[in-house]
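Single-structure report; data block below.
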Amino acid sequence: MPSASSMFSAYASMAASMMLLRSMANELIPQPIRGYILNAFHYLVKPRSQSLTLVIEESNGIARNHVYDAAEAYLSTRVSPDNERLKICKSPKEKKLTIRLEKGEKLLDLYDGVSLRWRFICAESDKNAPSENTSISSNVSVRSEKRYFELSFHKKHKQMVLESYLPFVLEKAKEMKDDERVLKMHTLNTSYCYGGVKWDSINLEHPSTFETLAMDSEQKEAIMEDLNRFVKRREFYKRVGRAWKRGYLLYGPPGTGKSSLIAAMANYLKFDIYDLQLANIVRDSDLRKLLLATANRSILVIEDIDCSVDLPERRHVDHHHHHGLVQLTLSGLLNFIDGLWSSCGDERIIIFTTNHKERLDPALLRPGRMDMHIHMSYCSFQAFKILASNYLDISSDHHHHLFPEIEGLIEDTQITPAHVAEELMKSEDADVALQGFVKLLKRKKMEGDVCENDDPDNKAEPATKQSKKRKVACKQKKTVAAAGTQRRTRRLRRGSSL
């Protein structure tokens, strides 16, 4: 056994040699190379982790991440007693409670004997955001929120997770959505959130259907046939090289059932509705973000397109108040409807409504943007019978003794379905309600006669010409009154948008 002195001498000699080698290395080897060698040494001696983690974020750039949505729905069925915090909600029309993981919660899932660990993470922070990321010109405090899932598993199961497990999660989430589907009405959230654009939603509980819609049967059948043809033509649109979308223009006087028709279309197709108010949009880029944030199998609605935004005046006003920001333009709106960005999604319907079709820019009306124009007219006798069935429980096959008189009066009177419905709701007794409706029609007809008698030139004209002139004069009066109301509405909406 060596003595202590010999061991000390050997240690001192080795320490001196190491110091000499270190000194030579510092002199001869450049510092970047020394750092690289040191990192390589640490990599070789450091124990390697056998775990792989996939990060599933809520959005993919400016588009929604479908894997995130599927994971959120799927994991709600895998909640275990080990979870400490859960989010619970239920809307009136939903059959069951909706369960979601709270931030920071973990969950263990088993698939083909493989353990897969999920974790939900939600990071929030407050910061000042400049105006180019919002639709307000001044700097404001923005609540930035980033949500994502982490999926961890052994590295050797990577191929199985990507090729089998995640497709399984997507398919299960789709089945759950189809089984528990509740139609949603989405509206733009004007507050600020992570990603810049967000739709808020509530359940769509509008009861309108094509059966209860006060519209001529031929027109309803034409609309339903067009919708059925659209949803069945996925391969056709792909083959001819067109985006799978369709545009509708609903035009006519107020109260003729445009909103009810939209709800009936949504209930018929089981499509969600996205209500887009152009008065809340400042830039063309906002439209593109909103389009990407909408789901497939949806109806995008822009109501009162003629007065919701006046593009030339809007550019002038915004230039004054927003200091040179890129503004919402007609070309941006047209590109949103049928340009390249409109192809980002499938099975979408865009519906425009207006009370004044003649005020619309011709570029909006051409096929490809508004493919089908639907005139929502005043109430006909056939539409009246549907309303009588809805409100008074009078079968359309039943001929009430007042029906012939009503038929003769209603064909010569301009009255909207909304006005008819309001009159029929005044009594639950069918006879009383119909008698009141007959009085209303006679009163409106007398008002029309007053229009005729106000014109002194009518006396010298034939009866047929007088009748036509009376209708035109009355219509012009109503158009002028409606135009005044429309201008007031436009000023109010423009003021609120500023």
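The values are calculated or read from the model by the stated rules, or taken from the named source; none is laboratory data. Because the structure is predicted, anything quoted here is derived from the model rather than measured. Cβ: placed from backbone, ideal geometry, glycine included. Neighbour counts: every protein chain shown. The accessibility values were calculated without ligands, DNA or RNA, using every heavy atom of the protein model including side chains. Shrake-Rupley method; radii C 1.70, N 1.55, O 1.52, S 1.80 Å.
Provide the FRET efficiency to the nearest 0.05 for the residue 431-residue 222 pair, computing r from the beta carbons and using R0 = 25 Å. Once rounded, the FRET efficiency stands at 0.10. With semi-axes defined as the square roots of five times the eigenvalues of the C-alpha gyration tensor, the equivalent ellipsoid of region 381-449 measures 18, 12, 11 Å, largest first.
Legend: residue pairs 87/198; 220/442; 198/258; 106/245, Cα-Cα distance threshold 32 Å; pairs beyond threshold, 106/245. With r as the distance between the Cβ atoms of residue 174 and residue 36 and R0 = 60 Å, compute the FRET efficiency 1/(1 + (r/R0)^6) and round to 0.05. Computed FRET efficiency for residue 36 and residue 174: 0.75. In this rough spin-label picture, where each label sits 7 Å from Cα along the Cβ direction, the residue 236-residue 22 distance is 8.1 nm.
Under the simplified labelling scheme, the residue 160-residue 55 pair shows an inter-label distance of 2.6 nm, with each label point 7 Å from Cα along Cα→Cβ. For region 381-449, the solvent-accessible area of protein heavy atoms averages 55 Å² per residue (probe radius 1.4 Å; ligands and nucleic acids excluded). Surface composition of region 1-81: carbon and sulfur make up 66 percent of the accessible area, probe 1.4 Å. With r defined as the distance between the Cβ atoms of residue 152 and residue 397 and R0 fixed at 60 Å, what FRET efficiency is calculated, to the nearest 0.05? Rounded to the nearest 0.05, the efficiency is 0.35.
On region 381-449, 48 percent of the accessible area sits on carbon and sulfur atoms, based on a 1.4 Å probe.
Excluding ligands, DNA and RNA, the accessible surface per residue across region 148-191 is 60 Å² with a 1.4 Å probe. Karplus-based coupling profile of region 283-289, in residue order and whole Hz: 10, 4, 5, 5, 4, 5, 5, with θ = phi - 60° in 6.51 cos²θ - 1.76 cosθ + 1.60 and x standing for Gly or Pro. In this simple spin-label approximation, residue 62 and residue 77 carry label points 7 Å from Cα along the Cα→Cβ vector, and these lie 3.5 nm apart. Taken one residue at a time, the phi angles of region 329-335 give Karplus couplings (6.51, -1.76, 1.60, θ = phi - 60°) of 10, 5, 5, x, 5, 5, 5 Hz. Gly and Pro are set to x.
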